[in-house]
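Below is one structure, written out as structure tokens; the observations come after it.
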Amino acid sequence: MAIPFDYETLRLIWWLLLGVLLIGFTLTDGYDLGVAALLPFIARTDEERRLAINSIAPTWEGHQVWLILGGGAIFAAWPFVYAISFSGFYLAILLVLAALILRPVAFKYRSKHDDPAWRSRWDWALFVGGFVPALVFGVAVGNVLLGAPFRLDSDLRAFYEGSLLGLFSPFTLLTGLLSVAMVVLHGAGWLALKAEDGVVMDRARRWGKIAALLVIALFAIGGAMVATTNIGYRLEGELDPAGPSNPLWATSVPAAGAWLDNYGRHPWMLLAPILGFLGPILAYVAIAGRKQSLLFVGSALAVVGIISTVGLSMFPFILPSSIDPHSSLMVWNASSSHLTLWIMLVVTLIFLPIVLAYTAWVLKVLFGRVTLDDVRTNLDFY
């Protein structure tokens, strides 16, 4: 059977799907991470903390599906990216996994003992489970923008020459803090929708205001650094979008401000950074006007705008190399084969709607606010 899409189109579709999966993960599990990071600051009594915890407890496990799908998509569609990023960043990935593992353990063990000190320790474990992954994910995105220290030899064997501490620089710490502020804003938006009207919601709104201002400021500073410092890479010469996957066949060079080139060639792409600013502004206005649904919409738009800005700025780059730009991985030179991308697309078209339908059904079943009365009377609550 002939494949109905050419190689170039399938590569482009899988680049888009990778963005959809990253945005899907951040839109869903992002507010779980945000609520966990806010927990020590918005809830002062045990009942208030249980209210916040039970606003995310029924759904956080399902949201992990997006993370697994994203990892699977990188593995199958972009094998060069998977091999280099998962082996080069493995200490950072282990750090994220350790923090994420703390979350279910804290959910389960927190309520096993009435001792306030016991519960306080698990509450801080939940905080770590929310704050650390958000920070490391943001630091990772900063490193992708800067370029990772890897090279390929003539046999396409990858060599990574970085370290865990080398991942942290002023720019990557800024992107890490932007990521934390973004999920905290999203978590505040979720609590505004799910928590009963009271002190927890009020504190979430106050932290949401701070987070919205931080998102605007950090996003603007990050954009200014990308525009004015030596951050960016540019493709030199021609690269066949339908050619074989061999990163060494392309030539790219470091170029200050190159991550802004696409906005000059395709002005419609400016919608992404505009959305990255409008989202937190809308959330801030919604908090002032006590518009709970609008706050969540604003935080969601911020997520979509900021993540889309990174992807559109870098296109067609996926993972540039900072020590050997000749080895940089792009949409046109680092994908799986034409047939593999087609088979994966068929599988995705079958199963992704099921995931979306199940997620929508769960949210519909669990629609409604969590109240302190629920916390006191529902034996199924943590």
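The distance separating the Cα centre of region 291-349 from that of region 188-219 comes to 28 Å. Net charge of the neighbourhood of LEU39, taken over other residues with C-beta under 10 Å away and scored Lys/Arg +1, Asp/Glu -1, is -1.
Working note: Karplus 6.51/-1.76/1.60 with θ = phi - 60° gives region 370-382 the couplings 8, 10, 5, 5, 4, 4, 6, 10, 8, 6, 7, 6, 5 Hz, where Gly and Pro are set to x.
Of all lysines in the structure, those lying under 22 Å Cα to Cα from LYS364, and not within fewer than 8 positions of it along the same chain, are LYS194, LYS291.
Mean-square fluctuations from a GNM of the chain, with a 10 angstrom spring cutoff on Cα atoms, peak among TRP66, TRP122, TRP268 at TRP268. Sparsely packed loop sites in region 170-267 (the GluC sites (Glu not before Pro) outside DSSP H, G, I, E and B with at most 10 other Cβ atoms within 10 Å) comprise GLU238.
For the listed peptides 371-378, 135-142, a ranking on the average number of other beta carbons within 10 Å per residue, highest first, reads 135-142, 371-378. Computed 3J(HN,Hα) for region 251-267, one whole-Hz value per residue from the Karplus formula 6.51 cos²θ - 1.76 cosθ + 1.60 where θ = phi - 60°, is 10, 9, 9, x, 8, 4, x, 5, 5, 9, 4, 4, 6, x, 6, 10, x, glycine and proline marked x. For a test of the definition: using alpha carbon positions, the gyration tensor, and the 1.5 limit on a/c, classify the chain as rounded, prolate or oblate. It is prolate, given that a/c is not under 1.5 and a/b is the larger ratio. For the peptides 181-188, 106-113, 358-365, the ranking by packing is 181-188, 106-113, 358-365, with the highest mean count of neighbouring Cβ atoms within 10 Å listed first. Among the protein heavy atoms of the chain, carbon and sulfur supply 70% of the accessible surface, probe 1.4 Å, non-protein parts ignored.
So if R0 is 35 Å, what FRET efficiency would ARG290 and LEU356 give, r being the distance between their Cβ atoms, rounded to the nearest 0.05? Write down the numbers at each step before the final one.
Numbers: r = 31 Å, r/R0 = 0.88.
After rounding, the FRET efficiency stands at 0.70.
Order 290-298, 67-75 from most to least packed using the mean count of other Cβ atoms within 10 Å. Walk me through the intermediate numbers first.
Working: 290-298: 19.1, 67-75: 17.0.
Most protected by this proxy first, the peptides run 290-298, 67-75.
Helices of the chain meeting both criteria, an alpha-carbon length of 15 angstrom or more along the long axis and an average Kyte-Doolittle score not below 1.6, with helices taken as full DSSP H segments, are 271-288, 292-314, 338-365. Here's how it looks for VAL370: its modeled amide H is under 5 Å from those of ALA195, GLU196, which are all 5 or more places away or on a different chain. Rolling a 1.4 angstrom probe over the protein heavy atoms with all chains in place gives the chain an accessible area of 46 Å² per residue.
What shape does region 103-189 take by its C-alpha gyration tensor, where a ≥ b ≥ c are the square roots of the eigenvalues and a/c under 1.5 counts as rounded, a/b above b/c as prolate, and the rest as oblate? Cα axes put region 103-189 in the prolate bin.
The values are calculated or read from the model by the stated rules, or taken from the named source; none is laboratory data. Because the structure is predicted, anything quoted here is derived from the model rather than measured. Positions of Cβ are generated from backbone atoms using ideal geometry, with glycine treated the same way; all protein chains shown enter the neighbour counts. Each accessible area value is taken on the protein alone, full model and side chains, heavy atoms only, with ligands, DNA and RNA left out. Shrake-Rupley method; radii C 1.70, N 1.55, O 1.52, S 1.80 Å.
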